1. For segment 546-646, report the accessible area per residue in Å² (1.4 Å probe, heavy atoms, rounded to an integer).
2. What Kirkwood hydrodynamic radius do you get for segment 377-418 when you take the inverse of the mean 1/r over all pairs of distinct Cα atoms, in Å?
3. Counting C-alpha atoms alone, how compact is segment 268-381: give Rg to one decimal and Dmax as a whole number, in angstrom.
4. Taking the chain as the reference, fit the longest principal axis to its C-alpha atoms, fit the long axis of helix 26-41 to the helix C-alpha atoms, and give the angle between the two in degrees, 0 to 90, nearest 10.
5. What does the net charge come to around Glu422 if you take all other residues with beta carbon closer than 10 Å to its beta carbon, with K and R at +1 and D and E at -1?
6. What's the local net charge at Ala609, with K and R +1, D and E -1, over the other residues with C-beta under 11 Å away?
7. Can you compute the helix-only [θ] at 222 nm over the chain? Use -39500 (n - 2.57) per DSSP H run of at least 4 residues, normalise by all residues, nearest 500 deg cm²/dmol.
8. Write down Rg/Rh for segment 203-311, rounded to two decimals, with Rg from the C-alpha atoms and Rh from the Kirkwood relation over Cα pairs.
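The values are calculated or read from the model by the stated rules, or taken from the named source; none is laboratory data. None of these values were measured; they are calculated from a predicted model. Here the Cβ is made from the backbone with ideal geometry for all residues, glycine too, and neighbour counts use every protein chain on show. Calculation scope for accessible area: heavy atoms of the full protein, side chains included, ligands and nucleic acids excluded. Shrake-Rupley method; radii C 1.70, N 1.55, O 1.52, S 1.80 Å.
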Amino acid sequence: MPADDSSRVREVLHATVGSVGGVERPGQVEMAEAVAAAMDDGRHLLVQAGTGTGKSLGYLVPSLLHGERVVIATATLGLQHQLVQRDIPALLEGAAHVLDTVPSHAVLKGRSNYACLHRLRVGVPDDQGTLVDVPEGTLGAEVVALREWAEDQAENSGPGDRESAPSHTDRGWRQVSVTARECLGATRCGFALECFAEKAKATAHAAQLVVTNHSLLAIDAQGDVPTLPEHDVVVIDEAHELAARVTQAATVELEPVAVERAARRARGHLKGGQAADDLADASDALADVLTRTEQGRIDRPTDELLDVLALVRDSARACLSDFTSEKGGGEPDAARQQARGLLDDVRAVAERMAAHGDADVLWAAEARSGPRLQLAPLDVASMLANSVFADRTVVLTSATLALGGSFDAVVRSVGLGFGDHEWTGIDVGSPFDYGKQGMLYVAKHLPPPGREGPSTQFTDELVELVAAAGGRTLGLFSSRRGAEAAAEKVRERLPDLEVLVQGEAHLSELTAAFVQNETACLFGTLGLWQGLDVPGPTCQLVVIDRIPFPRPDDPLMGARQRLVEQRGGNGFMSVAASHAALLLAQGAGRLIRRVDDRGVVAVLDSRLATARYGGYLASSLPPMWRTTDKATVLAALERLDELATKA
């Protein structure tokens with residue numbers, strides 16, 4: 001990178017950090033210069049930037065100065081909100097003191113994240129029923145509130161997106177939104193000029209910085225019709241989640257209730273009723289087969305299952321062929337479009353499952369609505385290699401990219417190891433002194449965790465640690481049952497402490513209560529392992545109940561592990577251990593969130609100290625001072641509690 005470009009990056013970064021009253025960090029400057037160089041050279045870059053580095057500005061500043069459109073993709077709405085509401089405004093304010101012209105920015109989400117004005121104003125036949133004089137607390141009342149909000153958004157040029165909507169359920173939101181397949185399209189919809197999704201798309205096409213999510217990035221890369229504006233650089237934040245989010249976006253499911261719903265919605269739009277009857281019968285046949293199908297991965301579908309999938313596919317196809325012609329000159333029929341969308345979804349999923357090959361994993365699972373089939377790609381690496389990384393420069397960043405001290409696991413998972421992709425990986429460190437601020441304690445004396453639930457020794461150890469810390473504990477558990485059982489024991493033996501448990505209220509409410517009461521404990525599962533940011537004396541002890549390996553019966557992880565072994569690799573280390581290392585690093589990262597934080601990460605799984613793979617897992621964690629001596633840890637926690645109480 002030319003010296004004048006480097007100077008400009010430093011100048012804008014300095015102005016931006018100053019605009020928020022922050023302090024420049026060496027790792028942030030190193031990252032910003034490396035990202036700018038990668039954008040100039042067209043070389044893919046991986047940046048591990050520890051907590052506190054300020055990595056958002058580390059990539060936003062060179063993105064702003066790049067001169068061409070840059071797409072920034074995040075995994076979570078929380079980070080997306082932080083970028084749009086805090087980091088980008090700070091960047092633009094700082095840059096205004098240095099640059100003559102400040103580029104614009106925009107947020108772009110999938111169409112179902114925006115309210116649909118056509119559905120709100122014209123409506124379609126659905127399951128919500130009448131919304132006149134609806135009692136409070138019902139689905140109807142929720143939809144009425146969403147409709148009023150959407151009209152206010154339309155009148156006042158609001159974004160009309162789900163994040164800005166009043167409190168609602170998933171079911172309620174589905175009543176006021178449409179998927180891309182259900183949308184009438186800008187050329188046919190009478191409300192296209194007011195459409196929230198179309199406005200967001202137009203704004204994105206005029207912006208230099210476009211913020212989106214991993215899923216939409218994957219859909220854009222795979223689809224025939226672009227969903228994102230043209231761009232030559234992508235910055236992927238929270239990149240440790242990319243493969244999982246792309247897999248999630250590509251996973252499909254088929255359940256009898258969805259097939260039956262498609263038949264019911266189609267019935268009024270067909271030339272006759274036989275095709276809809278046949279699809280309803282296919283739904284019953286699918287339900288019958290699934291009740292006799294064992295849950296778990298299906299390596300070789302039975303002839304009976306293949307036959308019923310073909311029946312669903314062919315029946316849905318027959319319904320699509322039997323659709324009546326749309327009336328000309330009138331208002332586009334949204335109900336007809338929605339019915340076609342549902343049918344085409346059923347047809348496409350059944351067809352993909354019936355053609356189940358080596359590239360997909362098929363399994364049966366139980367849901368609230370009954371048994372269902374699910375199918376996911378065995379590996380998304382080649383897809384990402386041939387799409388996302390093929391014709392643009394990609395910067396991947398996260399606090400946890402180097403697992404076991406190496407970028408290899410992440411590189412394999414996202415496909416950078418395929419073909420002739422050139423990449424560079426750097427670790428810019430963290431401003432935190434983990435060796436002085438944090439302690440990693442492994443309870444080496446405890447028996448390895450079993451399937452029977454928490455042992456007496458585990459419970460005794462947990463209670464001792466929580467008591468020494470005076471509460472102030474975040475408990476990260478591998479299962480909901482484990483979190484609830486642990487909370488029950490702590491409440492019983494330490495009745496003066498408030499113990500909050502995930503599932504007893506909304507996570508945002510629990511987090512607020514955890515922060516408000518410094519001596520409270522918060523116990524939960526995966527939702528707490530990543531993204532929770534609670535600095536200060538509220539969280540001085542993070543307890544991890546066991547190494548978070550995938551469940552032994554996880555169909556997708558099991559298939560991926562077997563694939564690695566078939567290729568001559570170590571499936572356990574490549575899949576299960578890498579998965580566990582990532583979550584452990586994320587979980588341990590909840591402890592130190594600012595330079596004056598102090599505390600202990602206690603792993604109550606002796607295998608971290610005794611198993612052969614323990615060294616690999618431990619090397620993925622922040623470099624805290626490590627011990628297996630319980631007395632030392634209890635004394636440290638008691639001192640921290642005393643200091644926090646006096647403060």
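1. Per residue, segment 546-646 has 46 Å² of solvent-accessible surface.
2. On the way: mean 1/r = 0.0919 Å⁻¹.
Kirkwood radius, segment 377-418: 10.9 Å.
3. 16.1, 52
4. In the chain, helix 26-41 runs at an angle near 40 degrees to the longest axis.
5. Working: positive: Arg43; negative: Asp41, Asp420.
Local charge sum for Glu422: -1.
6. Surrounding charge for Ala609 is +2.
7. On the way: 27 runs with 290 residues, N = 647.
Using -39500 (n - 2.57) per qualifying helix, the result is -13500 deg cm²/dmol.
8. Details: Rg = 20.2 Å, Rh = 17.8 Å.
Taking Rg over the Kirkwood Rh, I get 1.14.
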